[in-house]
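One structure is given below, encoded as structure tokens.
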Amino acid sequence: MAMRALYNEIRAMKVREVPAYLKPRLTWSNVKKSTDQAVDRYIEKYIETSSVDPLFHVCFGGMAFSYLVGLPQERRHLEHLEKHGGH
């Protein structure tokens, strides 16, 4: 919801106005406060309710992370195969 509101505010601006709009909102204290609030909401929604969803989040997050880490190697391998034709 917050991202949608931010997008709607930025959408009406000119490109030159965006950095001046974002700079005060991207201070270390604001980022830290927003992160703390997000973690508190996550704990309240999933951990305190004994939900199994955090396990799924860890599994799918780990899978996505491992895919992204291995992607450059896989791309190099496929490029090599295309270049030299097969094995």
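The values are calculated or read from the model by the stated rules, or taken from the named source; none is laboratory data. Bear in mind that the values here come from a model prediction, so they are computed numbers and not experimental data. Every residue, glycine as well, gets a Cβ built from its backbone with ideal geometry; the counts of neighbours run over all protein chains shown. Only protein heavy atoms, including side chains, enter the accessible area calculation; ligands, DNA and RNA are left aside. Shrake-Rupley method; radii C 1.70, N 1.55, O 1.52, S 1.80 Å.
Some points to look at:
- Positions within region 28-87 being under 22 Å from Met3 (Cα atoms) and among the charged types (D, E, K, R), in sequence order: Lys32, Lys33, Asp36, Asp40, Arg41, Glu44, Lys45
- Any chance Val69 is at pLDDT 95 or above and not hydroxyl-bearing (Ser, Thr, Tyr): yes
- Residues of region 1-11 that turn out to be open to solvent by 90 Å² or more (accessible area, probe 1.4 Å) and among the aliphatic types (A, V, I, L, M), as a count: 2
- Selection status of Glu44, free of Cβ contacts under 8 Å to residues at least 40 places away in the same chain and surrounded by fewer than 10 Cβ atoms within 10 Å (Cβ to Cβ): no
- Selection from region 26-53 of residues that are on the phi < 0 side of the Ramachandran plot and not in a helix (DSSP H, G or I): Thr27, Glu48, Thr49, Ser51, Val52
- Looking only at residues in region 53-74 that are open to solvent by less than 60 Å² (accessible area, probe 1.4 Å) and under 14 Å from the mean Cα position of the chain (by Cα), the one that is farthest from Tyr42 (Cα to Cα) is Ala64.
- Filtered residues of region 1-21 (kept if modelled with pLDDT of 90 or more, among the hydrophobic types (A, V, I, L, M, F, W, C) and part of a helix (DSSP H, G or I)): Ile10, Val15, Val18, Ala20
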